[in-house]
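Accompanying notes for the structure given below.
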Amino acid sequence: MKKTLSLMLAVLLILGMLSGCTKKEEASGGGETSQKTETSGQAETTEPGGPESWKTVNDIQALEGLYINERKHFENTFVYAFTYEDVIYRAILELTDEQSDVLWNLDIFDEDYDKQELEVIGSLPITQLDNMSDRIPSQKELDAWKGKTGEEMLDAGWSIAGWNLLEKQFFMDHEYFEYMVTMDGDLKLNDDDDIDGEEAFKPLTVKKIEFSHMNNATWDIEPQEEEWIEDEGGEMMMGGWMNEDLFYSMPVYELDPASFEPLTNVTETLMGVDYEPLALLGRQVVAGMNYAYLCKATVVAPNAEPYLVVVFVYEALDGSCEVLNIVPIDVGAGSQEGDISVLAFDPAAAEPTTGSWQVVAINMQAREAGVKLSEKESLQLLQVEIPFTECQTVMEYGHLPMYCLAWQVVSGTNYCFLAVEGENTFVLDYVYVSLDFETELLSVRLFDYPELVYVGQE
């Protein structure tokens, strides 16, 4: 009996101790919960906020891991597209006439351009913030295109930005975004056994389609028409350089012969050097018109090697023309490390690593322009298309190639491409192809030709 009673007391004592521990733990636990809640609340007020807290571009600029996709401005609108935590956003700001004028007058080639632009727009209130990732079609919606023809895609408003014909891959733009589309079917050859990218695309059927990146944040925003301002005398005031549309800058194939008359009028009088136009880079309204032409120049002499120049021509109001400047371009300088923005040097000063750069000037838009190429020209074009389209980094940038300007034989081959970034900003892309056909983007250099007008002149 005593044993039984002792056992019962022991059990009650243990239960009482356990109950006390439980109460203490509950109390302690409640304290911890309260403490954690207070800490969490404090963190919510100190950590960077979400989209609802972004009131200005300065707020966005302070975010860690920010990637800026696109910046554009129209008359009274500024569009700032960016990616944060894998979500694409678009901020829209309203500009006053004065702020817009300040932005237009900034020098885009100034090394402090980004800072100067931010000083204008940084504190302006964001009037509209869009989650652009919500506008990316779902994979199910994209898969609905499977089996449809390329012609159906083109009719629906899709456009071709580039292609890799070996893999039957096409880079397609639609509204705000670019997509990688893999096609199925036989490539259609023309009578010269050549391939026209768009015509080849039409009868093919969609095999696979994937989202790539945003490339046109302003697709649904109509820019206001720009007007040239007349001064008090009724003449056009001096304006900035206007880049030419790519598909009207193909002088080798004379898509727009009238654009090159100012150049031919003056180069015919220059003795000792032949100038072959490659691209009309831009025009500038003055009291008349300035033109900038990229040319392949060759000294009239046996076995002379061609080199690249930018020829600036002034056309007066009476139609007379004169050369403002001829600037040699050293493509080799851009492949080296360092911040080189103006590639204007004496070609003889280049220091090649292994072999000299050979100017080839292969038009990479020839097929797009509907030009019939010889077998040799087709092979040359294919030879330079592959390094460009296989370089994934270049394709992610969305650069559109105009010319392969030169190549250099090293342990493998270096290529220099003249390409367009965004709305006709010219860049030089340097791509290396190893002996086992691996590609690498060596560097990208801004080709700021307006800065060359008076280089070397007093």
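Determine which member of the set V285, V311 is part of a strand (DSSP E or B), touching a Leu at 6+ places or on another chain (Cβ under 7 Å) and not aromatic (F, W, Y).
V311
Considering only the range 147-174, state which residues are within 30 Å of P387 (Cα to Cα) and surrounded by fewer than 13 Cβ atoms within 10 Å (Cβ to Cβ).
G147, G157, S159, L166, E167
E423 - would you say it is under 19 Å from V360 (Cα atoms), of a type in the set (D, E, K, R) and either at pLDDT below 85 or not in a strand (DSSP E or B) (or both)?
When the stated conditions are applied, E423 does not pass them.
If M395 satisfies all but one of (1) modelled with pLDDT under 85; (2) among the hydrophobic types (A, V, I, L, M, F, W, C); (3) assigned to a strand (DSSP E or B), what's the number of the condition it fails?
Single failed check for M395: (3).
Since G239 meets every condition but one in (1) modelled with pLDDT of 65 or more; (2) in a loop (DSSP other than H, G, I, E, B); (3) under 24 Å from E451 (Cα atoms), which condition does it not meet?
(1)
For the range 294-331, how many residues meet the condition of being under 26 Å from D429 (Cα atoms) and either touching a His at 6+ places or on another chain (Cβ under 8 Å) or in contact (Cβ under 8 Å) with a residue 40 or more places away in the chain (or both)?
Residues flagged as under 26 Å from D429 (Cα atoms) and either touching a His at 6+ places or on another chain (Cβ under 8 Å) or in contact (Cβ under 8 Å) with a residue 40 or more places away in the chain (or both) within the range 294-331 amount to 12.
Within the range 156-180, how many residues turn out to be outside any strand (DSSP E or B) and aliphatic (A, V, I, L, M)?
Residues meeting the conditions: 3.
Only one of (1) within 24 Å of Y176 (Cα to Cα); (2) assigned to a loop (DSSP other than H, G, I, E, B) fails for T127. Which number is that?
The single condition T127 does not satisfy is (2).
Which of the following residues is modelled with pLDDT of 85 or more, farther than 20 Å from W407 by Cβ and surrounded by 18 or more Cβ atoms within 10 Å (Cβ to Cβ): Y307, Y291?
Of the residues listed, the single one that is modelled with pLDDT of 85 or more, farther than 20 Å from W407 by Cβ and surrounded by 18 or more Cβ atoms within 10 Å (Cβ to Cβ) is Y291.
Give all pairs with beta carbons closer than 8 Å in which a residue from the range 92-107 that is without any contact (Cβ under 8 Å) to a residue 24 or more places away in the chain meets a residue that is among the hydroxyl-bearing types (S, T, Y); count only pairs at least 6 apart in sequence or on separate chains.
If the second residue must be among the hydroxyl-bearing types (S, T, Y), the pairs left are L106/Y113; D107/Y113.
From the residues in the range 86-109 that are in a strand (DSSP E or B) and not hydrophobic (A, V, I, L, M, F, W, C), which one is surrounded by the most Cβ atoms within 10 Å (Cβ to Cβ)?
So, considering only residues that are in a strand (DSSP E or B) and not hydrophobic (A, V, I, L, M, F, W, C), the one surrounded by the most Cβ atoms within 10 Å (Cβ to Cβ) is R90.
Among the residues of the range 156-176, is any in contact with a Lys or Arg (Cβ under 7 Å, 6 or more places away or on another chain) and modelled with pLDDT of 95 or more?
no
The values are calculated or read from the model by the stated rules, or taken from the named source; none is laboratory data. Small disclaimer: the values here were computed from a predicted structure and weren't measured. Positions of Cβ are backbone-derived with ideal geometry, glycine not excepted, and every protein chain shown enters the neighbour counts.
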